[in-house]
Amino acid sequence: MSERVQKNSSYLNAKSTVGTVTRVKDVSPTSGMCPLCIRDCPFLCEVGLSTFRGREALYPEPVQFGHSTASALKDFRLDWSDFNIQSSVFKAEGIEADPDKAMFQNVNVESKIAGIPLKIPILTGAFGSTEVARLNWEGLAIGAALSGVIITIGENVCGMDSEAKITNGKLTHSAELKRRVEAFRKFWDGKYGDIAVQTNVEDQRLGVDIYALSKLEVNIIERKWGQGAKSIGS
Ligand code: SF4
């Protein structure tokens, strides 16, 4: 318990995402600060960085922008590694217990989400208007199409598209959204998986969902509330 709390609290003011460290490791479990916070401290912890750089300290190192992903340093005390599913206990039967048949080529994990067949049971998180999503889209979309899963274009892609055309407050063209949908469709077999477009409230006001459905013939719209994946404390 104490070791875990200690490890956690040291994260509070020493984050690899922004390059901060604390002067000593036995930080206070409550504040995450060194027990002796000294005037002449030569280290840059979160407190010091925030003091000098303000809101910039909320985001990962600028030099990594567009070429990195970052995770929040959360610890929920319970994670997937705490689960061990013993399927046979629940009488779940797989392939016949025959060494000549129980080979990975014969594995079948096809599934369905809302009636859409999937080769493997995956629906990705949303890759939105971030630079890292834009730069890596081709690989993500082609990989998803070939794998037969659902990939999701995230929020605000059209709002960030400098080539978007907006008439009377409604979207009539988005080169970036079109590029993303087409990259998936080029390698899609038309049966397994699909591409979804996520829309937040601004996207809806802009008519992104109508544009995606009517002009790009997208089949799935995902409504978005709130914030979940970012390393900005949300
Ligand atoms: S400023 Fe204070 S809390 Fe931050 S590293 Fe230095 S001594 Fe520790």
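Placing +1 on each Lys and Arg Cβ and -1 on each Asp and Glu Cβ, with no other charges, gives the chain a dipole about its Cα centre of roughly 540 debye. In terms of the mean number of neighbouring beta-carbon atoms within 10 Å, the peptides 85-95, 45-55 order highest first as 45-55, 85-95. Projected label points at Glu222 and Leu36, each 7 Å from Cα along the beta carbon direction, are separated by 5.1 nanometres. Build a GNM of the chain with springs between Cα atoms under 10 Å apart, and of Ala145, Ala102, Ala57 the one that fluctuates most is Ala102. Projected label points at Thr167 and Gln86, each 7 Å from Cα along the beta carbon direction, are separated by 6.5 nanometres.
Counted residue by residue at 0.36 nm each, then reduced by the alpha carbon distance between them, the extension gain from Ala102 to Asp26 reaches 22.2 nm. Would you mind calculating the relative contact order of the chain from Cα pairs under 8 angstrom and at least 6 residues apart, reporting the percent as a whole number? With pairs under 8 Å counted, the relative contact order is 15 percent. When you restrict to C-alpha pairs under 8 Å that are six or more residues apart and normalise by the size of segment 110-223, the relative contact order lands at 27 percent. Comparing Val197, Val24, Val208 in a Gaussian network model of the chain (Cα springs below 10 Å), the most mobile by mean-square fluctuation is Val24. Couplings 3J(HN,Hα) of segment 36-53, computed from phi: 10, 8, 9, 4, 9, 4, x, 9, 10, 9, 4, 4, x, 5, 4, 4, 8, 10 Hz, in residue order, whole Hz [Karplus 6.51 cos²θ - 1.76 cosθ + 1.60, θ = phi - 60°; x for Gly and Pro]. Other residues within the sphere of radius under 13 Å centred on the Cβ of Gly193, judged by their own Cβ, net out at +1 (K and R +1, D and E -1). Separation of segment 25-49 from segment 156-226 is 46 Å, based on Cα centroids. The protection proxy used here, the mean number of other Cβ atoms lying within 10 Å of each residue, ranks peptides 181-188, 113-120 as follows, highest first: 181-188, 113-120. For the peptides 63-69, 105-111, the ranking by mean Cβ contacts within 10 Å, running from highest to lowest, is 63-69, 105-111.
The modelled label-to-label distance for the pair Phe187/Glu131, using points 7 Å beyond Cα in the direction of Cβ, is 2.5 nm.
Taken together, the values in this text are just the output of simple stated rules run on the coordinates, not laboratory data. These numbers were taken from a predicted model, which means no experiment stands behind them. As a convention, Cβ positions derive from the backbone with ideal geometry for all residues, glycine included, and neighbour counts pool all protein chains shown.
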